[in-house]
Amino acid sequence: SGQNCCENMNFDHFQILRAIGKGSFGKVCIVQKRDTEKMYAMKYMNKQQCIERDEVRNVFRELEILQEIEHVFLVNLWYSFQDEEDMFMVVDLLLGGDLRYHLQQSVSFSEDAVKLYLCEMTLALDYLQSQHIIHRDVKPDNILLDEQGHAHLTDFNIATIIKDGERATALAGTKPYMAPEIFQSFMNGGMGYAFEVDWWSLGVTVFEVLRGWRPYDIHASNSLESLIQLFSTVSVQYSPAWPKDLVSLLRKLLTVNPEHRFSSLSDMQTSPYLVDINWDAIYEKKMDAGFVPNKGRLHCDPTFELEEMILESRPLHKKKKRLAKNRSRDNSKDSQSENDYLQECLEAVQQEFMIFNREK
């Protein structure tokens, strides 16, 4: 279809290739834009489910953040649009799998590979900080590799923006990766926290990707009291095989007091472990990756595709028919009060949703 420059992007501009994942937020599939033949990942979230689970706020905040940022080591947003059923986000396609997937496949990452991820994530976090953004969910699950093996940070679902001098206070994140001050501040109404929390999570992540387990044995079930206790008593066991400089850098990231923690590119550049890094070369992806994901394999669980085809009550590939049917039925009102309230919410989402097109 000859695309008019001024019409908004919509579902019909994309060909659905296959389902590749699902999370709490919705589902992800690989799509190809029909006019340019460019491939993307498309995340789609059912509106009614978002309303029922009270997740609309999060989706909107994520969109608001993604529309403002773009960086080589992030998973960037290209388009957002909606129809009656779903909200859509079209983002960079990264087919190399996430670091959690590779850990589960027992990939053993070389120190060089992890050093590159560390540098790439350092640039990503430094950029986010310049944009006043705390990611709050840095972990192997949210670091995706491209086919060359470079790392990209994804999932801004619980990110937050803090303007100059403000502090965040919400208890947000994934427990084993959350910095001590998040728990402290929540328990004791302390000072709140800021960008340093992401650098703590980076420390935990680098440790885990190298070692296969985390520096602190923390689980979702741990009480906040026990965690605060843990950080003040447990000392982290570093691998004797690691270079001294690496260990001292990890100590700087896993520093309990955020005022003394490394939390910027300039901090990282002072580390002997990174002294010979050419940061421009890192930024330009000129550094060869130590681990290159298998080409010709989809680095994701194949069951998503089956579920989408067989078990899904509203499969994406049948959307066109379904919407046409709904539209023709649309004016035969079925009004119970609960349904009225849902309709109201759906209309609000329709109104408030931010349409975006990076090309414009």
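What to note about this one:
- Relative contact order [Cα under 8 Å, 6+ residues apart], region 131-270, whole percent: 23 percent
- Which of Asn142, Met89, Ile30, positive extreme of dipole for the chain (C-beta unit charges): Ile30
- Members of Lys33/Lys286; Lys22/Lys115; Lys33/Lys175; Lys163/Lys320 lying beyond 31 Å, as alpha-carbon distances in this model show: Lys33/Lys175; Lys163/Lys320
- Relative contact order of region 166-249, taken over Cα pairs closer than 8 Å and 6 or more residues apart, is 28 percent.
- Relative contact order for the chain, counting Cα pairs under 8 Å that sit 6 or more residues apart, in percent: 20 percent
- Between Thr160, Val247, Pro215, the Cα set farthest toward the positive side of the dipole of region 99-283 (charges on each charged residue's Cβ, about the Cα centre) is that of Pro215.
- Take the convex hull of the alpha carbons in region 99-283; its mean projected area over all directions comes to 10.5 nm².
- Taking Phe291, Phe14 and counting other C-beta atoms within 10 Å, the order from fewest to most: Phe291, Phe14
- A straight line joining the Cα centroids of region 262-284 and region 61-134 runs 20 Å.
- Positive-pole candidate from Val206, Val256, Gln104, dipole of region 99-283, charges at beta carbon: Val256
Every number here is computed from the coordinates shown, using simple stated rules; none is lab data. Worth saying up front: this structure is predicted, and the values here are computed from it rather than measured. Neighbour counts are summed over all protein chains in view; Cβ atoms, including those assigned to glycine, are modelled from backbone coordinates with ideal geometry.
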